[in-house]
Amino acid sequence: MIKINCPICLKKPTRSKYSTSAVKKAGFFHRSSDRKSVQRYYCSLCKKYFSSATFNECLNQKKRHFNSKVARLLVGVVSLRESARILKINRKTVARKLIFMGRKAELNLKKFNTRFPKARHVIYDDLETFEHTKCKPISIGLMVEEETRRILGYNVARMPAKGLLAKISVAKYGKRIDERPKKRRLLFSYLNSLVEEESIIKSDECPYYFKSILRHFPKAAHIKFKGRASAIVGQGELKKVGFDPLFAINHTCATLRARTCRLIRRTWCTTKKPEMLNLHLAIVCLHHNLNLKKLSLPRAAG
Ligand SMILES: [Zn+2]
């Protein structure tokens, strides 16, 4: 007896009781992409065939063996097109892999962070980049745990251009919506489950955070630090003088910029869609968290 439920019968609730007994093995087929033989099954109730690959998350992928290779290249400052050239695959394939691996990484990052006890000391900051042109800036909000530099969460939000570009941006591309407050609210309400109630939250003096931090973490202590001049090293995120109280976040931001080709300052690669930046970031953040030396898993057995 095979204990496999027929996926077609399971959709019909009346038949689900008998579905396990009705399923029989029915040969194999050869999958050429990873040279594996896949077990096929036959369900005598609905008279349909299915296979063990029907349940696989890589269903319908022809180049599944490139999934992790593409992800590895994307956290190693390689652009999408260059990855396509290195792996000798089409760049559309790489773009699809980015979406697939990004969505997977998003889920895994959330799962990964729930394995740790709630964070006590956290730092929040924004990182700025742009989509297509500097007239369309994007803000990335990031929260890290101070001691370990573990990334707890991030968001990607469109924002209007500032300074000299503000006028040009409105004339060229029209008024740009500021998504930051909404996205920050979403991020903070998610982070409530990862951060202790009576935690210490550090940030720079940007006045926009205060209200949202106060609303979502009413019992937390919020410490503000003055912004500092940036050093030549570290993509402008690392600071010039001596001890930096926000080192954990500045270092993490600098690492993210150095690892992601589209976040480097003065880069040839740019983001075309914020959604793709979001997925690319998920892969980089997960890679960052998995490779932290200071991090020891308390519940590693699971
Ligand atoms: Zn069936």
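The values are calculated or read from the model by the stated rules, or taken from the named source; none is laboratory data. Predicted model, so just to flag it, every value in this text is computed and none were measured. Please note: Cβ atoms are built from the backbone with ideal geometry, for glycine as well, and neighbour counts cover all protein chains shown. Side chains are part of the model used for accessible areas, which takes the heavy atoms of the whole protein and leaves out ligands, DNA and RNA. Shrake-Rupley method; radii C 1.70, N 1.55, O 1.52, S 1.80 Å.
Projected onto the charge dipole of the chain (+1 at Lys/Arg Cβ, -1 at Asp/Glu Cβ, origin at the Cα centre), which of 67, 8, 286 gives the Cα projection farthest towards the positive end?
With unit charges placed on the Cβ atoms, the residue in question is 8.
Computed over the Cα atoms of the range 39-100, what is the ratio Rg over Rh, Rh following Kirkwood?
Over the Cα atoms of the range 39-100, Rg/Rh equals 1.21.
Show the residues, 5+ positions off or on another chain, whose built amide H is closer than 5 Å to the amide H of residue 152.
For residue 152, the qualifying residues are 143, 144, 145.
Once you order the gyration tensor axes a ≥ b ≥ c over the Cα atoms, which shape class does the range 229-302 get: rounded for a/c under 1.5, otherwise prolate or oblate by comparing a/b with b/c?
oblate
Dipole size in debye (nearest 20) for the chain around its Cα centre, Lys and Arg Cβ +1, Asp and Glu Cβ -1?
With Lys and Arg at +1 and Asp and Glu at -1, about 1700 debye.
For the range 174-289, with only Lys/Arg (+1) and Asp/Glu (-1) charged at the beta-carbon, what is the dipole magnitude about the Cα centre, in debye rounded to 20?
In total the dipole reaches around 600 debye.
Could you work out the per residue convex hull volume over the alpha carbons of the chain, in cubic angstrom?
197
Keeping every protein chain present and rolling a 1.4 Å probe, give me the accessible area per residue for the chain in Å².
With the other protein chains kept in place, the chain gives 58 Å² per residue.
Reachable lysines from residue 240, Cα under 16 Å, same-chain residues fewer than 8 places away excluded?
226
Rounded to the nearest percent, how much of the accessible area of the chain (1.4 Å probe, protein heavy atoms only) is carbon and sulfur?
Taking all protein chains in place, the chain shows 56 percent carbon and sulfur surface.
What is the set of long-range amide H partners of residue 199 at a cut-off below 5 Å, with H atoms built 1.01 Å from backbone N?
220, 221
May I ask you to list the chymotrypsin sites (Phe, Trp or Tyr not before Pro) in the range 128-211 that are in a DSSP loop and have at most 11 other Cβ atoms within 10 Å of their Cβ?
Passing sites in the range 128-211 do not exist.
So which trypsin sites (Lys or Arg not before Pro) in the range 200-268 end up in coil per DSSP with only 14 or fewer other C-beta atoms within 10 Å?
219, 226, 240, 265, 266
Please give the calculated 222 nm ellipticity per residue for the chain, where each DSSP H segment of at least 4 residues contributes -39500 (n - 2.57) and the sum is spread over every residue; nearest 500 deg cm²/dmol?
Estimated from H runs of four or more residues: -11000 deg cm²/dmol.
I need the shape label for the range 14-143. Rule: rounded when a/c is under 1.5, else prolate if a/b > b/c, else oblate, with a, b, c from the alpha carbon gyration tensor.
oblate
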